[in-house]
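The values are calculated or read from the model by the stated rules, or taken from the named source; none is laboratory data. All figures in this text were calculated on a predicted structure; none of them were measured in a lab. Ideal geometry is used to build each Cβ from the backbone, glycine not excepted, and the neighbour counts take in all protein chains shown.
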Amino acid sequence: MARHGMYAMAVASALTLVFCGAAAADPSVDDILSALKPKPASLNGTTRGIRAVQASAATPAPVAPVRRASALARPAVEDAQAEGPSLDLNVVFRSGSAELTPAAENVLGKLGRALASPSLANYKFRIEGHTDTVGTPEQNKALSQERAEKVASFLESKYGVASERLEPVGLGEDGLLVPTPEQTAEPRNRRVHVVNLGG
């Protein structure tokens, strides 16, 4: 029985490492390039890029009502994700603010270098802002739009990524990565999703 318990703990630890690796908050420029660089047929919806933030399938379902993204409620987002390689980045903002923190600038600096690189220079990108469920849906939609625009502005001013290559969109609570009850602070839902829209 003790051996079984130790085995279960080892498996749990291994899963934690796997998910932490997949949810790397600080990906390298090469990681971003690999995620966003088109693969054969990837821009016609047959291949999707990696996501740097993933939820564990083992997470128990919350007992309170949850906000979930309906496929019918957000076809534009699903279509955008199907159009090409994509990547979720953990971009840290101050609570209720669109001001970039030093940690956010660190992550976005790598994104900026990747988007300015020759291998991605001919592509356009959707910058999608997402929030958790703290606040009202209307507040979160406006905040996520402001954050997406702040990210696009940062990439343009600091890394010379032309504004016509960037499409900032605020999606608020739509498309929660981790379904949660109302007013739940879930860091994995506060993310910036970058989608390669093609040339």
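To keep it simple, each residue is scored yes or no on (1) surrounded by fewer than 20 Cβ atoms within 10 Å (Cβ to Cβ); (2) farther than 26 Å from Ala185 by Cβ; (3) without any contact (Cβ under 8 Å) to a residue 24 or more places away in the chain; (4) basic (Lys, Arg).
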position: Gly96; (1), (2), (3), (4): yes, no, no, no
position: Asn106; (1), (2), (3), (4): yes, no, no, no
position: Asn122; (1), (2), (3), (4): yes, yes, no, no
position: Phe125; (1), (2), (3), (4): no, yes, no, no
position: Glu128; (1), (2), (3), (4): no, no, no, no
position: Asp132; (1), (2), (3), (4): no, no, no, no
position: Gly135; (1), (2), (3), (4): yes, no, no, no
position: Glu146; (1), (2), (3), (4): yes, no, no, no
position: Val151; (1), (2), (3), (4): no, no, no, no
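Looking across the range 168-199, the residues that are in contact (Cβ under 8 Å) with a residue 60 or more places away in the chain, more than 11 Å from Phe125 (Cα to Cα) and among the hydrophobic types (A, V, I, L, M, F, W, C) come down to Leu171, Leu176, Leu177, Val178, Val192.
Taken over the range 147-184, residues that are of a type in the set (Asp, Glu) and more than 17 Å from the chain's Cα centre (by Cα) amount to 3. Would you be able to say whether some residue in the range 150-173 is farther than 21 Å from Arg94 by Cα and of a type in the set (Phe, Trp, Tyr)? Checking the range 150-173: at least one residue is farther than 21 Å from Arg94 by Cα and of a type in the set (Phe, Trp, Tyr).
For the range 153-167, the set of residues classified as surrounded by fewer than 18 Cβ atoms within 10 Å (Cβ to Cβ) and in contact (Cβ under 8 Å) with a residue 40 or more places away in the chain consists of Lys158, Tyr159, Gly160, Glu164, Glu167, listed by residue number. In this structure, Leu89 does satisfy being out of contact with any His (no Cβ under 7 Å at 6 or more places or on another chain), of a type in the set (A, V, I, L, M) and modelled with pLDDT under 95.
Screening Asn140 against (1) under 23 Å from Gly198 (Cα atoms); (2) buried (at least 18 other Cβ atoms within 10 Å of the Cβ) leaves a single unmet condition, (1).
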